[in-house]
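These notes concern the structure reproduced below.
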Amino acid sequence: MNITRFGRPMAAIAIAATAAIALSSCAANEEAAPEATVSTLAGSLVGAGASSQGSAQEAWIAAFQTANPDVTITYDPSGSGAGRETFIAGGSNFAGSDSYLKDEELALPFAACAADTTPFEVPAYISPIAVIYNVEGVTDLNLDASTIAKIFSGAITTWNDPAIVALNPKAKLPATAITAVHRSDDSGTTKNFSDYLFQTAKADWAIEKPADPFPFQTGEGAQGTSGVVDAVKNGTGTIGYADASKAGKLSVANIKVGDKFVGYTPEAAAAVVADGSAVDGRDATDMAIKIDRTTTDATHYPIVLVSYLIGCNVYAEAGVADLVKPYFEYILSEQGQADAAAAAGSAPLDAATAKKASAIVSAIK
């Protein structure tokens, strides 16, 4: 990695979609406008992980590289599990993950980090998970947690099953076989989807605990978010789950919350996360969030993911922090969150969460 730093501190670098800001005089006696700020950052940065972050990372990278033309950032949307593995092994400078680091992962040495130091993880992206489907003649579909659990575990196998009919008395549900599409790779989206069913329909989602691998040998597996979306779109009688930003023109099921069936919105997803709590036993630079998905408040959407940025509090390689720090500070800024919302339909972090995350990132070395 070739990272060069010139002159002034990184905090002075302006993060914007353009590299310079022109200031005009409003009165004849005003002083001349200052010279435009020019970035002095140079080098490369490598990230890998959650495919749910894909659209947001594309927007973040484009904006940051426009403001810092001598910087090159790549992000491989290989999936949360693969991204964490790559980062732990030292194959990337940071990871994106839809599930926080497991205790057994935290016990491992992180090759990119200085010896005897810990990684940080901060939330950067909040998004609903959409239950997408492709059933001929069905454009409006209501599902509750129990029925979703039975579909994806293989207990319900046809679209005219009495449980689905009872929730959709006006729909013309065919006798078509259900093909439930799940992630074949280790995925934080899967873990969040499974966690929703584990918390709300445990009797029908008989697993020990939610994890990145899909827990049943049923349905059809597909690689990454794009793989699931493509399989649902190109199949017959298909249903799957994916980050809502990738749902496109596919039909999306309404989810029962309390006594109502609701669709997803970024605001409803953010509301669930705001009600979450810190995971026990984590240090001050680990902002892992435990989400309570049992809400009956119809203004909340419980199938939601929090996607994290994971990096080193102290990097082993000199100069890496000089790129990671300003890039992450931009992502967590109001502008960065707005850019992600525009590109991916995500929910911006609340001000308190963003401030805490930014303080952690600003302290890395």
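For the reader, a short list of remarks on this structure follows.
- One residue from Asn168, Asn254 being modelled with pLDDT of 95 or more and out of contact with any Gly (no Cβ under 7 Å at 6 or more places or on another chain): Asn168
- Looking only at residues of segment 322-335 that are of a type outside the set (A, V, I, L, M, F, W, C) and surrounded by 18 or more Cβ atoms within 10 Å (Cβ to Cβ), we find that the one that is farthest from Ser127 (Cα to Cα) is Asp322.
- Sole exception among (1) surrounded by fewer than 18 Cβ atoms within 10 Å (Cβ to Cβ); (2) modelled with pLDDT of 95 or more for Thr139, by number: (2)
- Summed over segment 71-87, residues that are in contact with a strand residue (DSSP E or B) (Cβ under 6 Å, 6 or more places away or on another chain) and in a helix (DSSP H, G or I) total 5.
- Answer from Ser146, Ser92 - the residue that is at pLDDT 95 or above and crowded, with 22+ Cβ neighbours inside 10 Å: Ser92
- Residues (hydroxyl-bearing (Ser, Thr, Tyr) and more than 17 Å from Ser146 (Cβ to Cβ)) located in segment 156-209: Thr176, Thr179, Ser184, Ser187, Thr189, Thr190
- Screening segment 285-365 for helices (runs of 4 or more DSSP H) wholly inside it with 1 or more residues that are touching a Lys or Arg at 6+ places or on another chain (Cβ under 9 Å) and at pLDDT below 95 returns the ranges 334-344.
- For segment 91-104, the tally of residues that are in contact (Cβ under 8 Å) with a residue 60 or more places away in the chain and in contact with a strand residue (DSSP E or B) (Cβ under 9 Å, 6 or more places away or on another chain) stands at 9.
- Applying the condition of being acidic (Asp, Glu) and touching a residue at least 40 places away in the same chain (Cβ under 8 Å) to segment 263-321 and asking which residue is farthest from Phe120 (Cα to Cα) yields Asp297.
- Scanning segment 105-136 for residues that are more than 25 Å from Tyr196 (Cα to Cα), of a type in the set (S, T, N, Q) and either outside the structural domain of Lys325 (by TED's automatic domain parsing) or touching a strand residue (DSSP E or B) at 6+ places or on another chain (Cβ under 7 Å) (or both) gives a single hit, Thr117.
- Inside segment 171-212, residues that are modelled with pLDDT of 95 or more, more than 24 Å from Gly258 (Cβ to Cβ) and polar (S, T, N, Q) make up a count of 4.
- Verdict on Asp195 being assigned to a loop (DSSP other than H, G, I, E, B), surrounded by 15 or more Cβ atoms within 10 Å (Cβ to Cβ) and under 20 Å from the mean Cα position of the chain (by Cα): no
- Within segment 152-183, the set of residues being closer than 17 Å to Ala222 by Cα and either more than 30 Å from the chain's Cα centre (by Cα) or not hydroxyl-bearing (Ser, Thr, Tyr) (or both) comprises Phe152, Gly154, Ile178, Ala180, Val181, His182, Arg183.
- Segment 68-101, residues that are among the acidic types (Asp, Glu), closer than 25 Å to Asp322 by Cβ and within 18 Å of the chain's Cα centre (by Cα): Asp76
- Qualifying positions in segment 223-233 - more than 18 Å from the chain's Cα centre (by Cα) and in contact (Cβ under 8 Å) with a residue 40 or more places away in the chain: Ala231, Val232, Lys233
The values are calculated or read from the model by the stated rules, or taken from the named source; none is laboratory data. If you're wondering where the values come from, they're calculated on a predicted model, not measured in any experiment. Cβ atoms come from the backbone with ideal geometry, glycine included; neighbour counts cover every protein chain shown.
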